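Q: For reference, the structure I am asking about is given below.
The values are calculated or read from the model by the stated rules, or taken from the named source; none is laboratory data. All values derive from a computational prediction rather than experimental measurement. Glycine also receives a Cβ, built like all others from the backbone with ideal geometry; neighbour counts cover every protein chain displayed. When the accessible area is computed, the model is the full protein with side chains, heavy atoms only, and any ligands, DNA or RNA have been set aside. Shrake-Rupley method; radii C 1.70, N 1.55, O 1.52, S 1.80 Å.
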Amino acid sequence: MYSYDARIRYSECGSDRKLTIPALINLFQNCSSFHSEDAGVGIDYVTEHDGAWFILNWQIDIDEMPSFCDKVKVCTVPYEFKGFFGNRNFWLEDEHGNILVKAATLWSYMNIKTLRPMKPDEKQLEHYELGQKLDMEYLPRKLALVEELKEGEAIPVRADMIDTNNHVNNGQYINIAMALMAQDEPELAGKPIRRVLAEYKKSAVMGDTFHPYTGYADGRYYVCLKDDNGNINVIVVFEI
């Protein structure tokens, strides 16, 4: 298990003074990145070996969001490697050790030159100490869409969406999805989101354009982002 202590910043909060979901994802992403760097298999190491870890799925179960100035512990543990896949849990604790948020993720190790999956090398497998799988409900990773989705205005990929792998960072898709929900279903804006699901299918890069398709049914808001050719980049689902 790897963790670091943090304090919820004003810049990470919404109008309700609670940590926002995009800021939560940033905390989790930072945690896994710090873990990799401290284990000696961070960005420089994988780049030298033509590799990178790409996230395939998020499942984030939210019991309670911390508030402005709250002290928290951000935690992560990889619990399984199988072929070129890796499974990693995240969770957020308050200063008393109570778990506020749990998350499950699936990753794929990719060759950044060929963009094909490859197995992580032995050093990575040795330096990531596997831990116990988090006790939570694990939902199917494949997300289904409701039939009635409306098409929205195209969204061009901006330079500030791109990360060190030269593609749109996975958290940016969640940002877009949340903005679409606030625009399409403003009455949901003040309601707490209890679960976030995301399935990443095709990476987007600078120069690409997203075509959003959205809908709301049975307490779930759906976002599907497609490219110019109709290929799905990501599906995001918010459970209210």
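Q: Given the options A103, A198, A159, state which has the largest fluctuation in a GNM of the chain using a 10 Å cut-off (strictly under) for Cα springs.
A: Sorting by GNM fluctuation, first place goes to A159.
Q: Charges at C-beta only: +1 for Lys and Arg, -1 for Asp and Glu. How large is the resulting dipole of the chain about its Cα centre, in Debye rounded to 20? Mind dumping the intermediate values first?
A: Numbers: 25 positive and 37 negative charges, 53 e Å.
It works out to roughly 260 debye.
Q: Given H placed 1.01 Å from N in the peptide plane, which residues other than close sequence neighbours of R195 have an amide H under 5 Å from its amide H?
A: Under 5 Å from the amide H of R195: I62, E239.
Q: Rg to Rh for the stretch 118-236: what is it, with Cα atoms only and Rh by Kirkwood?
A: Values: Rg = 16.7 Å, Rh = 16.3 Å.
Rounded to two decimals, Rg over Rh is 1.03.
Q: Once the whole set of protein chains is in place, how much accessible area is left on K150, using a 1.4 Å probe, in Å² to the nearest 10?
A: 120 Å²
Q: Extension gain D135-S3, at 0.36 nm per residue separation less the Cα-Cα distance, in nm?
A: Details: separation 132, 0.36 × 132 = 47.52 nm, distance 1.75 nm.
Once the chain is fully extended between D135 and S3, it gains 45.8 nm.
Q: Report relative contact order for the chain in percent, whole number only (criteria: Cα-Cα under 8 Å, sequence separation at least 6).
A: Details: 474 pairs, mean separation 44.1, N = 240.
Relative contact order for the chain comes out at 18 percent.
Q: If the chain between A217 and I43 were fully stretched, how many nm would it gain, using 0.36 nm times the residue separation less the Cα-Cα distance? Before the final figure, lay out each step's value.
A: Details: separation 174, 0.36 × 174 = 62.64 nm, distance 4.03 nm.
So the extension gain works out to 58.6 nm.
Q: Using θ = phi - 60° and the Karplus relation 6.51 cos²θ - 1.76 cosθ + 1.60, list the HN-Hα couplings for the stretch 40-55 in order, rounded to whole Hz, with x at every Gly or Pro.
A: Those phi angles translate into x, 10, x, 4, 4, 5, 5, 5, 4, 9, 6, x, 6, 8, 10, 7 Hz.
Q: So, one more: Of the listed values (i) 129; (ii) 211; (iii) 246, grab the one calculated as volume of the Cα convex hull per residue in Å³ from the structure here.
A: This structure yields the entry labelled (i).
Q: Based on C-alpha coordinates, I'd like the Rg and Dmax of the stretch 76-130, in Å.
A: So, for the stretch 76-130, Rg and Dmax equal 14.1, 46 Å respectively.
Q: Relative to the Cα centre, what is the charge dipole magnitude of the stretch 65-193, using +1 at the beta carbon of each Lys and Arg, -1 at the beta carbon of each Asp and Glu, and rounding to the nearest 20 debye? Walk me through the intermediate numbers first.
A: On the way: 15 positive and 20 negative charges, 118 e Å.
It works out to roughly 560 debye.
Q: OK, next. Report, in deg cm²/dmol and to the nearest 500, the calculated mean residue ellipticity at 222 nm for the chain, where each DSSP H run with n ≥ 4 adds -39500 (n - 2.57) and the sum is divided by the residue count.
A: Values: 4 runs with 45 residues, N = 240.
One gets -5500 deg cm²/dmol as the mean residue ellipticity at 222 nm.
Q: Pulled fully out, how much extra length does the chain show between D63 and S108, if you take 0.36 nm times their separation in residues and subtract their Cα-Cα distance?
A: Numbers: separation 45, 0.36 × 45 = 16.20 nm, distance 2.79 nm.
Fully extending the segment from D63 to S108 adds 13.4 nm.
Q: Next up: Could you compute how fast the stretch 46-85 diffuses translationally, taking Rh as the Kirkwood radius over C-alpha pairs and applying Stokes-Einstein at 4 °C with viscosity 1.567 mPa s? Give it in µm² per second.
A: Rounded, D is 91 µm²/s.
Q: Calculate the spin-label point distance for E148 paired with A182, positioning each point 7 Å from the Cα along the beta-carbon direction, and give it in nanometres.
A: Modelled inter-label distance: 2.7 nm.
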